[in-house]
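Worksheet: one structure, shown below.
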Amino acid sequence: MKINKESNVYTVVYAAVLVVVVGFALALVYQALRPAQLENIANDTKKQILAAALIYPTADQTIGSLYESHIKESFCVDSKGDVVEGAKAFDVNMANEVKKPADERVLPVFVCSTDKGVKYIVPVSGAGLWGPIWGYIAMNADGKTIFGAYFGHQGETPGLGAEIERPAFSGQFEGKPIFGSNGDFESVLVVKKGQEPAGRAYVNAVSGGTITSQGVQKMLFTSLEPYTAFFKKLEKESSNKE
Amino acid sequence: MIMGNIRKRLEPLINPLSNDNPVIVQILGICSALAVTAKLQPAVVMTISVLAVLALSNVIISLMRNTIPTSIRIIVQLVVVAALVVVVDQVLKAWNYEVSKQLSVFIGLIITNCIIMGRLEAFALNNTPFDSFLDGVGNALGYGIILVIVAFFRELFGSGTLWGFQVIPQALYDMGYQNNGMMILPPMALITVACIIWFHNRKAK
């Protein structure tokens, strides 16, 4: 039997069969690879959290075990600094939380034990020039100064805005206070060289990455501010111990 | 005589490398050549991804060539290419998450790479699967060579590194040498490609 390849019936059936076959194949691939992808994403998050506390995996360490050995405890707090029961810190999506009003947010805290004492790591999330930027900030146990920072981005310009993920940028945050001399929350400014503000904590912006740098500054302020009560509690606890 | 035959068989593989290069002779696939060539590593991963997609889609379309209705042939090609690209994207996410993060949307954009549609339409629809395979590999390599050359110069002068390792000695920076920020921006990729075309044309004359 000779099939007419140009007939409408043939064309429609051909398209339908092709789409079903391809759809089925893609579903299979997705199902097969999904577990590995989820693990990668979780490991990547763990790596970022540890990077904020300046802990980097060496070649023979797996992220999973390194994370287990350092992050002993994680919990969520609200804007009053009280622990929220039943929320898993690792599963909270900070990008969604920053969209809510400050007093409705669930704020994750990761308690990290390092060689230099206990650090409290909190996530931050905001917008850069082309897309989302995010990061993790490790606070010293006194809740006043930053111990380390990690920043990530989705698609900032390579060599310009993308430089925020480099230690050359994030390393500047070490030791910066986030509260002013009168105890108010002031965050850390990200400013161009030559425009350093007097009396406030700042780091140098990435040259050529102005909008991304401003995004980092805004992200730090809006994401860290609701933690103020929690950080104040830390401060009180640490001064009680002394 | 035999040598001549082999040469003839391999023509689809060898021609696109220089004489009929998709990027610098046919001026196809320029957009992705700009996007992924700021660093060497993404350029190489992109080349491998395009190689996989182009070789496989060429073979698949060539196998299907006698059954495809002419009126929807472009759609059929697109479906095959899109499916392969999604597979490549998923595999990268599962096995090399770091690099897939770097390449982000550009893997998805392989679908719109003119080289791929061009080869399917111009070659795979009229040739045997084996020849189509050679043609796919040849064109992907021809594309890759240009990508790697452009990325080499852009990373070297733009970031002072190659494959992420610093190659320009610190001493030079201390003497006042600075990375050329312009090299990282897309326009310099165009200019670098243009220089390659220039040299290539000179040689061909």
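Contact map, the stretch A:60-86: residues that are within 26 Å of A:E104 (Cα to Cα) paired with residues that are among the aromatic types (F, W, Y) and part of a helix (DSSP H, G or I), Cβ distance under 6 Å, separation 6+ or inter-chain. Pairs shown: A:V77/A:F230; A:G81/A:F230.
Could you list all residues from the stretch B:79-105 that are modelled with pLDDT under 80, over 16 Å from the mean Cα position of the chain (by Cα), at negative phi and at the interface with another protein chain (Cβ under 9 Å from one of its Cβ atoms)?
Across the stretch B:79-105, the qualifying residues are B:E98, B:K101, B:Q102.
Taken over the stretch B:159-179, residues that are more than 14 Å from every other protein chain (Cβ to nearest Cβ), over 24 Å from the mean Cα position of the chain (by Cα) and surrounded by 11 or more Cβ atoms within 10 Å (Cβ to Cβ) amount to 5.
Among the helices (runs of 4 or more DSSP H) confined to the stretch B:52-138, the ones with at least 2 residues that are under 23 Å from A:A36 (Cα atoms) and open to solvent by 10 Å² or more (accessible area, probe 1.4 Å) are located at B:73-95, B:97-103, B:105-108.
The values are calculated or read from the model by the stated rules, or taken from the named source; none is laboratory data. Since the model is a prediction, treat every value here as computed from it, not as a measurement. Note that each Cβ is placed from the backbone with ideal geometry, even for glycine, and that neighbours are counted across all protein chains shown. To get the accessible areas, we keep the full protein, side chains included, count just its heavy atoms, and leave off ligands, DNA and RNA. Shrake-Rupley method; radii C 1.70, N 1.55, O 1.52, S 1.80 Å.
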